[in-house]
Every structure is written in C-alpha cells, then in structure tokens.
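Step one of this worksheet: look at the structure below.
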Amino acid sequence: MSKKYNREEVIKALEGKGANLPCHRCGRESFTVIDGFSRYHLSDDLDANVLGGQGVPIVLIACSNCGAITPHAALALVKREQEINKEGGENGK
Ligand SMILES: [Zn+2]
C-alpha cells in the first residue's frame, strides 16, 4: 500500500520528536520543509548507477538562511497505513 506525503504529519512528527533545534551550520531558527519524499539509493557496488532498486525514503528540511539541507528517515516520521490500522485495532483509537 502506498503512503502519500503529508506536510502537516511531517511537521508534527519533527516537533514531537524535538527535531527543532537551530541550524547546525549557521545557527538560525527558520526552516523550510521540502515537500515530498526523497530517497537515498543503496548498492553494494561502489561504481553502480543506482536509479531505482533499494533505497531509504527521506524527508528533507532546509535552513531558510544558509540552505543547509538535513535529511530525516521518513519512516521515523510518518506511519504507513497498515501501521495506523494495526494501532487502531489494538488501542481502540
Ligand atoms: Zn543555516
């Protein structure tokens, strides 16, 4: 089952986990959420051209001042639909 990007869910998760400290490069406190999932591609071959295949879905947050981009593993921030259904069934939410 696919999981669509949800900006509000990402922001809420970042705040809930305390991932809201000032920029690690310039120290400013204004950030931009880059909408949409990106991906770090994985390969066991140093010279591989790795479009497609295995990857780690990520969410990118950019400093509004210096543009430093910080990646967060998407699965630490958003829940897949089956996880939501599972929680709902067990916890009665
Ligand atoms: Zn910065």
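The values are calculated or read from the model by the stated rules, or taken from the named source; none is laboratory data. On a predicted model such as this, the values are computed, not experimentally measured, just so you know. Please note: Cβ atoms are built from the backbone with ideal geometry, for glycine as well, and neighbour counts cover all protein chains shown.
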Report task. Look at the range 23-43 and say how many of its residues are within 16 Å of the ligand (Cβ to nearest atom) and more than 21 Å from Ala13 (Cα to Cα). Result -> 3
Report summary line: Scanning the range 52-73 residue by residue, the ones that are touching a helix residue (DSSP H, G or I) at 6+ places or on another chain (Cβ under 9 Å) and hydrophobic (A, V, I, L, M, F, W, C) total 4
Query raised in the report: Within the range 39-51, can one find any residue that is without any contact (Cβ under 8 Å) to a residue 40 or more places away in the chain, surrounded by 12 or more Cβ atoms within 10 Å (Cβ to Cβ) and in contact with a helix residue (DSSP H, G or I) (Cβ under 7 Å, 6 or more places away or on another chain)?
Result: no
Query - Matching residues, the range 44-78, being touching a Lys or Arg at 6+ places or on another chain (Cβ under 6 Å) and away from the ligand (no atom under 16 Å from the Cβ) - result: Gly55, Pro57
Query - Which listed residue is touching a Ser or Thr at 6+ places or on another chain (Cβ under 6 Å), under 26 Å from Cys23 (Cβ atoms) and modelled with pLDDT of 95 or more, from Ile69, Ile34, Ile61 - result: Ile61
Query - Matching entry among Lys3, Lys12 (being at pLDDT below 95 and either surrounded by 12 or more Cβ atoms within 10 Å (Cβ to Cβ) or touching a strand residue (DSSP E or B) at 6+ places or on another chain (Cβ under 8 Å) (or both)) - result: Lys3
